[in-house]
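The next block holds one structure in the form of structure tokens; read it before the comments.
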Amino acid sequence: MTPATPPETTRTALRIHNARLIDGTGSSPVDDAVVTIDAQGTITYAGPAATEPPAATDSSVRVVDAGGRTVLPGFFDCHVHLAYAQGSPPSRRAELDPVLVTLDTAARLRQTLDAGITTARDLGGLSAGYRTAVETGRTVGPRLHTAVRIISHTGGHADVRMPDGTDLSAGMSEIADSTDAARLAVRRVLRDGADLVKVCATGGMGSPYDDPDDEGLLEEEIRAVVDEAGRHGGKPVAAHAQGNAGILTAIRGGVTSIEHGYGLDDRALDMAGERGVFVVPTLSTVYAGINKDTMPDYHYQKKVRWSGTTKENIARAIEYGARIALGTDAAVGPHGVNLMELSYLVDLGMDPMAAIVAGTRTSAELLGLADWLGTLTAGHTADLVLCDGDPLQDIGVLGDPANIVCVVQDGVVRKDLLNLPAAAPATDTLTTGRRP
């Protein structure tokens, strides 16, 4: 694979033509399309070349011939763990020099962006400093929302302390065993810069002392978390929830999203639909996250035992029309091939266009960013990708980063395998995390 050019740090007006447009709204693709972007990084037009409004001649506009390639919105991954290498337990990070942790994390940020993910939600382990580093141009990566730490009860999914009390979570865990403690836990993670709150409503696969069917925080504790998060700017709450009993508890408790949702049944789907709860299936943990040679036996056995159930239940959720957003749980599975998740959704019955919408518009809705991200619409921020191949015929083309030949984030060309014309001088500085 040809390496991407060094990241740019300034915006310039862009005009992409001779493209096939999939705008993220679910509308039919547009052939011979044009996307224009002003020097502030805002989309001014996205549609057929035949109806492009006339523009004043401006030699500073950077013209990109897409060569018939497909242009799509920048994608989201709503469930990642960027602070950890694939398959590496949190305790491994604690063994490394903090400088190495920082540099390795920065490399994963860049790898994720190059895969076409322009916005990511980190659900445990990533400090808010990385969000600020991306926003201020100190490093290059997806704009970030981070939960910072995961709230769990003692002995729950995110409690990885040893019997002597040694904490192996490397700063990932926040323990709470009562409603008052749950409120205090929320205040602690928000004090440390969290954009959202994550709770454990069930046990899990990677934790040695519990199972997905085990229940996590009590309903009243989850309600306390949701209430406390609401008191602080209306922060959303994501629930690690695998077994059905805990899924129901999380939904009744008022969470924003169900993460994993492997045990979803019809009752849970009905409740989620009635309350507008999102489902983030993280199918990559089943399709690409099972390796007997590298996983502890307890983890491998649970994955094998649950893989068929997961596929069956998520297929039913797709057929039901659940509000599905894209998430991979990267670190459990590989980093940098995030859009393979689209193929797994399609494998379980989702239409390719619907899968693209799940990874763009619906994910933007989950993160509260749909007013300015998630679709290629005039007035929205210019996050987009150009890909080789036709993802509506073969959704798998998006899963190979080599096919993502150009990534534009906030109007800045971040990845360029096309050897685009050099950018004209610009005065606007990059702020990839800007929010209206």
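The values are calculated or read from the model by the stated rules, or taken from the named source; none is laboratory data. Computed from a prediction, not measured in an experiment: that's the story for all the values here. All Cβ positions, even for glycine, are placed from backbone atoms using ideal geometry, and neighbour counts span all protein chains on display.
Structure notes:
- Per this entry, Ala382 is counted among residues that are touching a Gly at 6+ places or on another chain (Cβ under 7 Å), touching a residue at least 60 places away in the same chain (Cβ under 8 Å), farther than 15 Å from Phe76 by Cβ and crowded, with 22+ Cβ neighbours inside 10 Å.
- Of the criteria (1) in contact (Cβ under 8 Å) with a residue 12 or more places away in the chain; (2) under 15 Å from Gly321 (Cα atoms), which one Asp351 fails: (1)
- The sole residue among Asp97, Asp122, Asp114 that is within 30 Å of Asp23 (Cβ to Cβ), surrounded by fewer than 24 Cβ atoms within 10 Å (Cβ to Cβ) and not assigned by TED's automatic domain parsing to the domain that holds Cys387 is Asp114.
- Inter-residue pairs, beta-carbon under 9 Å, first under 15 Å from Gln409 (Cα atoms) and touching a residue at least 60 places away in the same chain (Cβ under 8 Å) and in the range 37-66, second hydroxyl-bearing (Ser, Thr, Tyr) and surrounded by fewer than 11 Cβ atoms within 10 Å (Cβ to Cβ), 6+ apart: Ala39/Thr427
- Looking across Ala56, Ala33, Ala49, one residue alone is modelled with pLDDT of 95 or more, of a type outside the set (Lys, Arg) and surrounded by fewer than 16 Cβ atoms within 10 Å (Cβ to Cβ). It is Ala49.
- Filtered residues of the range 279-305 (kept if modelled with pLDDT under 90 and assigned to a loop (DSSP other than H, G, I, E, B)): Ala288, Gly289, Ile290, Asn291, Lys292, Asp293, Thr294, Met295, Pro296
- Top-ranked residue in the range 279-292 [being crowded, with 24+ Cβ neighbours inside 10 Å and of a type in the set (A, V, I, L, M, F, W, C); ranked as nearest to the chain's Cα centre (by Cα)]: Val280
- Some residue of the range 232-242 being of a type in the set (Gly, Ala, Ser), free of Cβ contacts under 8 Å to residues at least 24 places away in the same chain and out of contact with any Cys (no Cβ under 7 Å at 6 or more places or on another chain): yes
- Restricting attention to the range 388-400, the residues that are in contact with a Gly (Cβ under 8 Å, 6 or more places away or on another chain) and buried (at least 22 other Cβ atoms within 10 Å of the Cβ) add up to 1.
- Condition broken by Tyr209, with the remaining ones in (1) hydroxyl-bearing (Ser, Thr, Tyr); (2) crowded, with 22+ Cβ neighbours inside 10 Å; (3) under 23 Å from Asp177 (Cβ atoms) satisfied: (2)
- Any hit, the range 233-251, residues being modelled with pLDDT under 95, more than 17 Å from the chain's Cα centre (by Cα) and outside the structural domain of Asn403 (by TED's automatic domain parsing): yes
- Among (1) under 15 Å from Gly206 (Cα atoms); (2) in contact with an Asp or Glu (Cβ under 6 Å, 6 or more places away or on another chain); (3) modelled with pLDDT under 95, the one test that Met172 misses: (2)
- The conditions of being of a type in the set (A, V, I, L, M) and in a loop (DSSP other than H, G, I, E, B) are not met by Ala50.
- Filter result for Asp180 (surrounded by fewer than 24 Cβ atoms within 10 Å (Cβ to Cβ) and modelled with pLDDT under 95): no
- Test for Leu144: is it at pLDDT 95 or above, within 21 Å of the chain's Cα centre (by Cα) and either farther than 27 Å from Thr285 by Cα or in a loop (DSSP other than H, G, I, E, B) (or both): no
- Condition met for Thr154 (of a type in the set (Ser, Thr, Tyr), closer than 26 Å to Pro296 by Cβ and part of a helix (DSSP H, G or I)): no
- Filtered residue count, the range 254-278, keeping only those that are surrounded by 18 or more Cβ atoms within 10 Å (Cβ to Cβ), assigned to a loop (DSSP other than H, G, I, E, B) and out of contact with any Phe, Trp or Tyr (no Cβ under 7 Å at 6 or more places or on another chain): 6
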